[in-house]
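Remarks on the structure that follows.
The values are calculated or read from the model by the stated rules, or taken from the named source; none is laboratory data. Computed from a prediction, not measured in an experiment: that's the story for all the values here. Quick reminder, even Gly has a Cβ in these numbers, built from the backbone with ideal geometry, and neighbours come from all protein chains shown. Areas reflect the complete protein model, heavy atoms only, side chains present, ligands, DNA and RNA absent. Shrake-Rupley method; radii C 1.70, N 1.55, O 1.52, S 1.80 Å.
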Amino acid sequence: MSASAPRRRSRASAGLPPITADKIIDAAVELTAQHGLDGWTIRQIATKLDVWPGVVAHHVGDRDAVVMAVTDRVIARIQVPDADVPWRDWFSMLMLEGRAVLRQFPGVARRLVLVGPNVPSALPTIDRGIKVLQRAGFGEHATVIYRYLLNSAFMLVAVEDDRDSYFPSARADMGRAMAAFVADTTRPGLAAAGAQAVARSDDPDDLAAEDLAFFKLTVERSLDGAQALLNG
C-alpha cells in the first residue's frame, strides 16, 4: 500500500459490530433470494457487509464453501414431517414444503439435484425419509426410491427456477407457437395443445397456480410409480 493510500478503519474503531461467519452466510442467503445461487460473487457479499473480500474467505472460505453454507441454511428451512406419517403423505408433504422453500432461493434446487444434499441439515431428512420407506416395506429399494422421489420433484423446481431466470419469455413464446395450431383439424394433438394455449391466462397468479398444480401432479404420479414397485 502506498504512503498516500487511505487506511481502512477497523470495524471496532468505526463503531461497527464484528463480522462473523453467520453474518456472511446471512448476506449470501439474502443475495441468493434476490439473484439466485449463481447470481452473486464474493465481492458482492463483501460490499454488502462493507468488508474486504478476504474477510469472507477468512471466516467461511471460497465461493463454493459459501454456496455449501447457503444450501445448508436453505434446506434447514424445510419442515420435515413426523416419522409416523404414512409414507405417501410423508413424501407429498416434504416435496410440497420443499418446493415452497426452494422457490424462494433460485438455484438451490438445481444444486441439490446435480450435486446432492451433501450438507449437515439434510442428513436428518435423509435418515428419516429412508426409514419411513423401509417401514413401508420397500426394503433394499428404499434408498433408490428416496432419490427417485426427491430428484423428480426438485428437478421440476430447478426447471421453474431456470425458466424464470434465463428464459422469462419462454412460456409466452411456446403459447403463441401452440396457439397457431388451434384450428388444425389434420393434427388433433396439436389442435388440443393450441386450444389449451389459447385458454391459458397470462395473469401471474393464474400461472403460479398452474405451476403448482403441475408440480402436485408430478408428485402424485411419482408416488404412484413407487407404489407400483411396492405392490409388485
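General observations
- Segment 213-222: number of residues that are open to solvent by 50 Å² or more (accessible area, probe 1.4 Å) and either in contact with a helix residue (DSSP H, G or I) (Cβ under 8 Å, 6 or more places away or on another chain) or aromatic (Phe, Trp, Tyr) (or both): 3
- Counted residues, segment 70-91 - those being farther than 22 Å from Leu217 by Cβ and open to solvent by 30 Å² or more (accessible area, probe 1.4 Å): 9
- The one condition from (1) modelled with pLDDT of 95 or more; (2) crowded, with 19+ Cβ neighbours inside 10 Å that Asp26 does not meet is (2).
- Options Gly39, Gly54; residue that is under 12 Å from Phe105 (Cα atoms) and loosely packed, with under 15 Cβ neighbours inside 10 Å: Gly39
- Among residues of segment 210-232 that are of a type in the set (Asp, Glu), those with a Cβ under 8 angstrom from a residue that is surrounded by 15 or more Cβ atoms within 10 Å (Cβ to Cβ), sequence gap 6+ or separate chain, pair up as Glu210/Arg200; Asp211/Glu160; Glu220/Ser92.
- The criterion of at least 3 residues that are in contact (Cβ under 8 Å) with a residue 24 or more places away in the chain and either more than 23 Å from Arg77 (Cα to Cα) or open to solvent by 30 Å² or more (accessible area, probe 1.4 Å) (or both) is met, among helices (runs of 4 or more DSSP H) falling completely within segment 114-207, by 123-136, 142-165, 170-179.
- Residue in segment 97-108 that is under 28 Å from Leu230 (Cα atoms), in contact with a helix residue (DSSP H, G or I) (Cβ under 7 Å, 6 or more places away or on another chain) and aliphatic (A, V, I, L, M) present: no
- Scanning segment 97-113 for residues that are in a helix (DSSP H, G or I) and of a type in the set (Phe, Trp, Tyr) returns no hits.
- The residues of segment 21-34 that are free of Cβ contacts under 8 Å to residues at least 40 places away in the same chain, under 21 Å from Tyr166 (Cα atoms) and not acidic (Asp, Glu), listed by number, are Leu31, Gln34.
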